[in-house]
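Values quoted throughout were computed directly from the atomic coordinates according to the rules given, and no laboratory measurement underlies them. Quick caveat, the model's predicted, so the values are computed rather than measured. A quick note on method: Cβ atoms are made from the backbone with ideal geometry, for glycine too, and the neighbour counts reach across all protein chains shown.
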Amino acid sequence: MLSKHSKLKQTTLAMRKVVNFSSGPAMVPESVLLTAQQQMLDWNNSGMSVMEISHRSQAFQDLLTDTQQRLRQLMKIPKNYHILFMASGARAQFAAVPLNLLKPEDSACYAVTGLWSWLAMQQAKKYANVTTAFEIDEPNLTDIPAFSDWNLDSNARYLYCTPNETLTGLALPVMPDVDLPIIADMTSCILSKRYDVDNFGLIFASAQKNLGQAGVTVVIIRDDLLKTAQEITPDVLNYQLFNNANSVYNTPPCYAIYIMNLVLAYYQDQGGLAVIEQQNQQKAAMMYSYIDQSEWYQNKVAKDFRSLVNVTFQCPTKTLDLKFVEQAAQHGLMNLKGHAKFGGLRASLYNAMPLSGVEKLLEFMDEFKRDHK
Ligand SMILES: *Cc1c(COP(=O)(O)O)cnc(C)c1O
């Protein structure tokens, strides 16, 4: 019923003028934007826009259920995990996780692989005891020690990880094999490849990288972790309350959930995660192999930990980096500046980035190198 969008996909795709390499909010598949445009004034024969209908209506309930089912199918989420839609972005989860899972006397263990995990740890410190499995060296931020060298606190309630650090393009290719529940911030890597949900206690991701529009955050939580909310847990961050209310505890970000629904349907049409993962591997491999053989551009991340979706690189000088960003934009290649804290350049290649976008970037990189070598 709700995947009308697959029919609408046939409409001519508007040739967009630019390729957007932003780390987030990031590109959304073109056919999703066109479908949303077509349905703006009349969704599902209601005569209304999705943003105008009641979140308690049957139509919206159906949309919610359909969205959960699509995500469950794509990620093969087992039955003992619940899917919640919450608001306030991933950073609200930095607080929600400790506020739901820890008592003040409890401790949690954080793997600090970059800025996002560091920020999450700062929130947890407000509410409970925190230890670090390890903390990555500043200013390098480019290598992760072997799991056997991690300092695991066996009394901790959970181990917190960020499988893909968006800023530096540093990723954990596999998850540590530990007895603790793993909590993962998958904001920039959810649906970019297959993850075995069984390895995690809780996964969260805000939407603006691979799930559409900012405003909604997906929380995938294992049954046994639902019931640990504390007296002080704010109701709007309480996993149990959200689960009991099927994510309609208060007015959810309805339109962002609708866009996510279209994005997930699009991923299903593409052939699901096996196909998407392969495309992402191809895009990343093209970038890294070009950078490595260029002897001019450089990627500083240790090879085993290179991100599939955020490719960071540098020209030989900072001045050239700035010039690169400027000239790339003149060629319609947008948002290639690295994060202020890490510097350099960054191309974010989430699912909506077509292969042709990467080809255009590589062509430009080669031209820029020739002109400035
Ligand atoms: C973008 C990002 C965030 C921040 O998400 P918000 O929705 O802005 O709070 C957190 N973690 C990671 C890994 C990110 O990539």
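Which of THR162, VAL216, SER107 sits closest to the plus end of the dipole of segment 74-217, meaning its Cα is farthest towards the positive end, when Lys and Arg get +1 and Asp and Glu get -1 on the C-beta?
VAL216
Normalised by the empirical 2.2 N^0.38 Å for globular proteins, what value does the Cα Rg of segment 105-166 take?
1.07
Of the DSSP beta bridges with both residues in the chain, give the percent that are antiparallel, rounding to the nearest 5.
55
Provide the packing ranking of 317-328, 237-248, i.e. peptides ordered by the mean count of other C-beta atoms within 10 Å per residue, highest first.
237-248, 317-328
If you take every DSSP beta bridge fully contained in segment 180-231, what fraction is antiparallel? Give it as a percent rounded to 5. Could you put the intermediate results ahead of the total?
Values: 5 of 8 bridges.
If we restrict to bridges inside segment 180-231, about 60 percent are antiparallel.
Based solely on its DSSP helices, what 222 nm [θ] is calculated for the chain when runs of n ≥ 4 H residues each add -39,500 (n - 2.57) and the sum is averaged over all residues, nearest 500 deg cm²/dmol?
On the way: 10 runs with 131 residues, N = 373.
The helix-only estimate for the chain comes to -11000 deg cm²/dmol at 222 nm.
Which lysines have a Cα lying under 22 Å from the Cα of LYS283, excluding residues fewer than 8 positions away in the same chain?
LYS17, LYS193, LYS209, LYS300, LYS303, LYS337, LYS360, LYS369
Please list, or write none, the aspartates and glutamates whose alpha carbon is within less than 19 Å of the alpha carbon of LYS323, excluding same-chain residues fewer than 8 places away.
Filter leaves GLU295, GLU363, ASP366, GLU367, ASP371.
Taking LYS79 as the anchor, which aspartates and glutamates have their alpha carbon closer than 13 Å to its alpha carbon, excluding any fewer than eight residues away along the same chain?
Leaving aside aspartates and glutamates fewer than 8 places away in the same chain, those within reach of LYS79 are ASP198, ASP223, ASP224.
Could I have the simple spin-label model distance between PHE147 and GLN330, label points 7 Å from Cα toward Cβ, reported in nm to one decimal?
4.9
For a quick check: with amide H placed at 1.01 Å from N, whose amide H comes under 5 Å from THR217's, ignoring anything fewer than 5 positions away on the same chain?
So THR217 has HN proximity to MET86, ALA87, GLY89.
Find how much the distance from ASN44 to ASN80 grows on full extension, using 0.36 nm per residue of separation minus their present alpha carbon separation; answer in nm with one decimal. Numbers along the way, then the final one.
Numbers: separation 36, 0.36 × 36 = 12.96 nm, distance 3.16 nm.
Gain in length upon complete extension: 9.8 nm.
So for each of 73-79, 62-68 I average, over its residues, the number of other beta carbons within 10 Å; can you give me the resulting order with the highest mean first? Spell out each step's value before the answer.
Working: 73-79: 15.1, 62-68: 19.0.
Listed from highest to lowest mean packing, they are 62-68, 73-79.
Per Stokes-Einstein, at 20 °C and 1.002 mPa s, what whole-number D in µm² s⁻¹ belongs to segment 154-266, with the Kirkwood radius over Cα pairs as the hydrodynamic radius?
Rounded, D is 139 µm²/s.
Take the alpha carbon atoms of segment 108-160, find their center, do the same for segment 197-264, and report the distance between the two centers in whole angstrom.
Computed from Cα coordinates, the inter-centre distance equals 23 Å.
Can you give the charge dipole size of segment 218-373 about its Cα centre, rounded to the nearest 20 debye, using +1 on the beta carbon of Lys and Arg and -1 on the beta carbon of Asp and Glu?
480
Just how large is the dipole of segment 70-123 about the Cα centre, in debye to the nearest 20, putting +1 at every Lys and Arg Cβ and -1 at every Asp and Glu Cβ? Don't skip to the end; give the middle numbers.
Working: 6 positive and 2 negative charges, 86 e Å.
So the dipole magnitude of segment 70-123 works out to roughly 420 debye.
Taking H placed 1.01 Å from N in the peptide plane, check which residues at least 5 places from VAL130 or on another chain put their amide H under 5 Å from its amide H.
ALA108
Given a Förster distance of 25 Å, report the FRET efficiency between ALA340 and GLN61 from their Cβ-Cβ distance, rounded to the nearest 0.05.
Step by step, r from the Cβ atoms, then E = 0.05.
By Kyte-Doolittle mean hydropathy of at least -0.5 and Cα axial length of at least 20 Å, which whole DSSP H helices of the chain are selected?
254-270, 273-294
If eta is 1.306 mPa s and T is 10 °C, what Stokes-Einstein diffusion coefficient results for the chain, Kirkwood Rh from Cα pairs, in µm²/s?
Rounded, D is 74 µm²/s.
Give me the distance between the Cα centres of segment 292-331 and segment 17-66, rounded to whole Å.
34
Extension gain ASP177-ARG91, at 0.36 nm per residue separation less the Cα-Cα distance, in nm?
The ASP177-ARG91 span can extend by a further 28.4 nm.
Limiting things to C-alpha atoms, what are the Rg and the maximum Cα-Cα separation (Dmax) for segment 253-344, in angstroms?
Expressed in Å, the Cα Rg and Dmax of segment 253-344 come to 16.7, 48.
How large is the dipole of segment 23-153 about the Cα centre if only Lys and Arg carry +1 and Asp and Glu carry -1, each at its Cβ, rounded to the nearest 20 debye?
480
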